[in-house]
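This report concerns only the one structure given below.
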Amino acid sequence: MMLIDTHAHLDDEKFKDDMGEVIKRAIGNGVSEIITVSSTPGSIQRTIEIVNTFESVYGGVGLHPHDAKYFNKQIEQDILDSITKERIVAIGEIGLDFHYNYSSRDDQGRALRRQIGIALDCSLPVIVHDREASDELIKILEEFGGKMTGVIHCFTGDSDMAKKYLDLGFYISFSGIVTFPKAEKIRNAAKIVPQDKILIETDAPYLAPVPMRGKRNEPGFVRFTCEALAKVLNMDFEALSGITAENARNLFHLK
């Protein structure tokens with residue numbers, strides 16, 4: 001068995017006391033690699049520190065749309081400096097979030113476009129957040145003419161939305177939400193995603209899957225998402241874990 005958690009936030013305060021144990025448990029559950037993803041100005045450096053500490057952890061660096069209002073030349077330079085480090089494999093978490101609008105839509109669009117530009121300049125994939133912003137997000141992605149590659153993380157859309165992102169060349173990543181009883185729309189969307197475009201993630205410490213609801217999510221729980229997705233797709237668990245791991249290696253150029 002081989003599992004890769006393509007999206008976690010190990011820099012979160014909820015992991016500060018037992019991160020080593022969390023990673024050890026993940027390895028014990030068959031997780032070979034974890035991609036920890038920054039989202040705030042302060043988490044960029046913390047992500048690098050974590051990647052440097054744990055051999056099985058890779059990193060993504062970027063500014064989440066919640067914090068887009070803070071994007072400036074210094075943040076841009078921090079990202080540029082970070083991507084020269086070993087095992088930094090993506091720009092993210094970037095995107096649009098029109099649910100909370102903690103940053104204005106203009107600030108979100110500006111930060112997103114610039115970070116996509118960095119990704120293109122450095123030949124890195126993007127890790128994209130979309131919450132209630134799909135139409136505008138697709139417009140922005142289309143501005144770049146399909147030149148980039150990346151993943152729509154924690155996908156929560158329907159089959160039509162999945163197809164639009166797939167047509168742009170993106171991978172689709174499924175989180176523990178796919179295990180939730182009311183997530184039939186997402187499970188149906190998973191059925192139309194080609195096998196070579198499927199990824200799995202935890203988004204830890206958030207969104208713990210069934211049967212771990214109510215607990216802090218952690219990378220080792222990605223197996224529950226894989227098990228649920230395998231049932232949806234009528235696939236063997238071992239086969240799907242191998243396919244999603246290979247997809248992650250291809251997208252993020254993991255060694």
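The values are calculated or read from the model by the stated rules, or taken from the named source; none is laboratory data. Remember, predicted model here, so these are calculated numbers, not experimental data. A quick note on method: Cβ atoms are made from the backbone with ideal geometry, for glycine too, and the neighbour counts reach across all protein chains shown.
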Legend entry - Considering residues of the stretch 84-116 that are part of a helix (DSSP H, G or I) and either modelled with pLDDT under 95 or among the polar types (S, T, N, Q) (or both) only, the residue nearest to A133 (Cα to Cα): Q108
Inset, instruction - Determine, yes or no, whether K139 is of a type in the set (K, R) and under 29 Å from I75 (Cβ atoms). - result: yes
Legend entry - Qualifying residues in the stretch 98-135 (those that are surrounded by fewer than 21 Cβ atoms within 10 Å (Cβ to Cβ) and among the small types (G, A, S)) - the one nearest to F252 (Cα to Cα): S123
Legend entry - Complete set of residues in the stretch 182-223 that are in contact with a Lys or Arg (Cβ under 7 Å, 6 or more places away or on another chain) and either within 27 Å of L168 (Cβ to Cβ) or exposed (fewer than 13 other Cβ atoms within 10 Å of the Cβ) (or both): I192
Inset, instruction - Quickly run through the stretch 66-76 and pick out the residues that are under 16 Å from I118 (Cα atoms) and outside any loop (DSSP other than H, G, I, E, B). - result: A68, K73, Q74, I75, E76
Legend entry - Those residues of the stretch 129-160 which are within 24 Å of A8 (Cβ to Cβ), in a helix (DSSP H, G or I) and touching a helix residue (DSSP H, G or I) at 6+ places or on another chain (Cβ under 6 Å), in sequence order: S134
Inset, instruction - Six or more apart or on different chains, Cβ under 8 Å: which pairs go from a residue in the stretch 192-203 that's at positive phi to one that's among the hydroxyl-bearing types (S, T, Y) and outside any strand (DSSP E or B)? Could you list them? - result: D203/S175
